[in-house]
Amino acid sequence: MRLFIGFDVGGTHIKHGVIDEDGNELAEDQFDTPEDEETFRQKWREVVQAYQKDHEIAAIGVSFPGHINTHTGKAAKAGALDFLDDVNLYDLFAELTDLPVTAENDANCAALGELWRGAGRDYQHFVCITLGTGIGGGIVVEGDLWRGSHYRAGEFGVIPVGNNGEGMHEVASARGLMEACRRALAVSEEEMPKGEALFKLMENDLHLREAVEEWARFLARGIYSVISMFDPQVVLIGGGISEQEKIYQLLDRKLQSFDEWEALQVPILPCELGNQAGRLGAVWLAKQALSRREA
């Protein structure tokens, strides 16, 4: 069975693993995201060489932040890794390994991971929205990515949903929720309750409940817009916050108040793969690319 290396490049950590062609992960690890290109090159090469000592690797898939032309490898914007803006990733990786390498936007990879082994495996048309520091998105149409003419399809974070036109990145992301709740509680970031504790606290705190309700309204506006544009079979929500059941109750209540929701509504479900989705999706693409080369 062929083996692949999957990388998921994030602003804080770079996660990686050896994955077989059925999507089973045989080994995994991570390292801190470097702050310069030379260190990035060194760390990336070391990981590949270490895996090659123990495994026969067929190809590499890389989930990468920013706008990636998956055909040419050009990264117009590399997210938090600004030292790689306007760098051709395929040229970069070709200097570090003789293995075939495929690179794709991280939100797109997360959507493909869910399509392959997660919550999207029973659907051919769906939208994946990831809630984190910002908001990412992947659009799957007929079982494949829809990237757009400039490789920017799925940039849902720029949709204006706030009362003053603020984008989803600012007011509907997980960071937006935490900031709104912090203001409502009048506490520092270090004192902020996390996860389930935050949603339990809102039951008895009026100001906190109002902040969470407003955040849910902003997120619902964005989801409603996405559904009205793409008419998917399902919307998948990713990111750590997606594990909170209370979110889906809040979203349902807000969406029910929108005109035409009864006609437009589709299921809204949590993603299943967590942090593994990105590197699985990257490997799925690497596997497809390798099959085309061999055909």
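The values are calculated or read from the model by the stated rules, or taken from the named source; none is laboratory data. None of these values were measured; they are calculated from a predicted model. For neighbour counting, all protein chains shown are included, and Cβ atoms are generated from backbone atoms with ideal geometry for every residue, glycine included. The accessibility values were calculated without ligands, DNA or RNA, using every heavy atom of the protein model including side chains. Shrake-Rupley method; radii C 1.70, N 1.55, O 1.52, S 1.80 Å.
Under 6 Å by Cβ, and 6 or more places apart or on different chains, what pairs join a residue from the stretch 56-73 that is over 18 Å from Leu99 (Cβ atoms) with one that is of a type in the set (D, E, K, R)? These pairs meet every condition: Pro65/Asp106; Gly66/Lys77; His67/Lys77; His67/Arg152; Ile68/Glu104.
Of all residues in the stretch 57-82, those satisfying the criterion of being over 14 Å from Ala282 (Cβ atoms) and surrounded by 23 or more Cβ atoms within 10 Å (Cβ to Cβ) are Ala75, Leu81.
When you check Gly136 against the structure, is it under 27 Å from Glu25 (Cα atoms) and either buried (at least 21 other Cβ atoms within 10 Å of the Cβ) or at pLDDT 95 or above (or both), yes or no?
Yes; evaluated as a whole, the condition is true for this residue.
Of the residues making up the stretch 162-209, those that are of a type in the set (Asp, Glu) and farther than 18 Å from Gly134 by Cα number 5. Touching a strand residue (DSSP E or B) at 6+ places or on another chain (Cβ under 6 Å), aliphatic (A, V, I, L, M), outside any helix (DSSP H, G or I) and free of Cβ contacts under 8 Å to residues at least 60 places away in the same chain: does that describe Val266? Answer is yes for this residue. Condition (residue is β-branched (Val, Ile, Thr), open to solvent by less than 40 Å² (accessible area, probe 1.4 Å) and modelled with pLDDT of 95 or more) applied to the stretch 175-188: is it met by at least one residue? The answer is no, given that none of the residues of the stretch 175-188 is β-branched (Val, Ile, Thr), open to solvent by less than 40 Å² (accessible area, probe 1.4 Å) and modelled with pLDDT of 95 or more.
Of the residues Glu37, Glu21, which is touching a Phe, Trp or Tyr at 6+ places or on another chain (Cβ under 8 Å), under 20 Å from Asn88 (Cβ atoms) and either open to solvent by less than 60 Å² (accessible area, probe 1.4 Å) or not hydrophobic (A, V, I, L, M, F, W, C) (or both)?
Glu37
Exactly one residue among Glu243, Glu213 is among the acidic types (Asp, Glu) and more than 14 Å from Gly176 (Cα to Cα), and that residue is Glu243.
In the stretch 31-45 there is no residue that is of a type in the set (Asp, Glu), touching a Gly at 6+ places or on another chain (Cβ under 7 Å), within 23 Å of Asp85 (Cβ to Cβ) and in a strand (DSSP E or B).
Taken together, the residues in the stretch 262-292 that are among the aliphatic types (A, V, I, L, M), buried (at least 22 other Cβ atoms within 10 Å of the Cβ) and under 11 Å from Trp116 (Cβ atoms) amount to 5.
The numbered conditions (1) within 24 Å of Ser242 (Cβ to Cβ); (2) open to solvent by 40 Å² or more (accessible area, probe 1.4 Å); (3) of a type outside the set (Ser, Thr, Tyr); (4) at pLDDT below 95 are all true for Arg117 except (4). Would you tally the residues in the stretch 191-214 being loosely packed, with under 12 Cβ neighbours inside 10 Å and more than 28 Å from the chain's Cα centre (by Cα)? Of the residues in that region, 3 qualify.
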